[in-house]
Amino acid sequence: MELEQYETKMKKSYDNMISEFGSIRVGRANPHVLDKVMVEYYGAPTPIQQVANISVPEARIIQISPWEANMLGDIEKALLTSDIGINPTNDGKAIRLVFPEMTEERRKEVSKDVRKKGENAKVAVRNIRRDANEAIKKALKSNEISENEEANLQDDIQKMTDKAIKQIDEAIEDKIKDVMAV
C-alpha cells in the first residue's frame, strides 16, 4: 500500500497555510497581499500582477504601475473593493499603498488569525491521517495486507502526521515572531 498520496496531501495543506500567511499584513509592504486582488480587464477578472508592475520602493509602500494608463481607475477600484484595508493613493501615473505601523492590539489580533489558520491546517492534516487509517483498515479487511503491515503503515502515517504538524507549528511561531516584531 502506497502512502505517498497522503504525504502529498499533507504537504499541500502546509503549502496552502503558507500562502495564506503571505496575504496577512504585518506592517511592512508585502506584494503578496495583492495576490487575490482581481482587476476588470477587457471584461474579464484578471490578477493585478498581470496588468501592472508591482514594486516596493520603501519598506511600507507598494507601488503599482499599470502597463496601460487607462487601467489606473480600474486598478484603484479593485483595490478599494478588496479586503486589504488600505486606501490607494493615485498620482495619475501609479498607485501607492502606504502601510501604517501596526498597533500592539492589531498585532495581537493578527497573531490570533495566524494561529487560527495554523489550526485549520493541522485539522486538515489530521483528517488526511484519518482517511489514510481508514484505507489501511479497509486493506486489512480485504486481506490485501497483514496485521503486521497494518501496524507498520499506521505507524508510518503517524510519523508523517507528527512531522507535518511540527512543520506547521514552526511556521506559525515564525509568522507570529514576524507579526510581533516592531
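The values are calculated or read from the model by the stated rules, or taken from the named source; none is laboratory data. This is a predicted model, so every value here is computed, not measured. Positions of Cβ are backbone-derived with ideal geometry, glycine not excepted, and every protein chain shown enters the neighbour counts. Side chains included, ligands, DNA and RNA excluded: accessible areas come from the protein's heavy atoms. Shrake-Rupley method; radii C 1.70, N 1.55, O 1.52, S 1.80 Å.
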Full-extension gain in nm, Leu3 to Asn143, via 0.36 nm per residue minus C-alpha separation: 48.6 nm
Simple spin-label estimate for Glu104 and Glu170 in nanometres, 7 Å along Cα-Cβ: 3.2 nm
Size of charge dipole - the chain - debye, nearest 20, with Cβ of Lys, Arg +1 and Asp, Glu -1, no other charges: 440 debye
FRET efficiency, Asp162 to Gln50 (Cβ-Cβ, R0 30 Å, nearest 0.05): 0.15
Gain on full stretching of the segment that runs from Arg60 to Asn127 - 0.36 nm per residue minus C-alpha separation: 20.2 nm
Overall form of the range 89-142 per C-alpha gyration tensor (a/c, 1.5; a/b vs b/c): oblate
Crossing angle, helix 72-81 versus the chain [Cα axis fit, 0-90 degrees, rounded to tens]: 50 degrees
Residue-normalised accessible area of the range 28-182, expressed per residue, 1.4 Å probe, Å²: 61 Å²
Residue-level accessible surface for Leu72, protein heavy atoms, 1.4 Å, Å²: 20 Å²
Theoretical FRET efficiency, 1/(1+(r/R0)^6), r = Cβ-Cβ of Asn70 and Asn30, R0 22 Å, to 0.05: 0.20
If the convex hull is drawn through the Cα atoms of the range 15-78, its volume per residue in Å³: 90 Å³
The chain: angle of helix 4-22 to the longest principal axis, Cα-based, in degrees nearest 10: 20 degrees
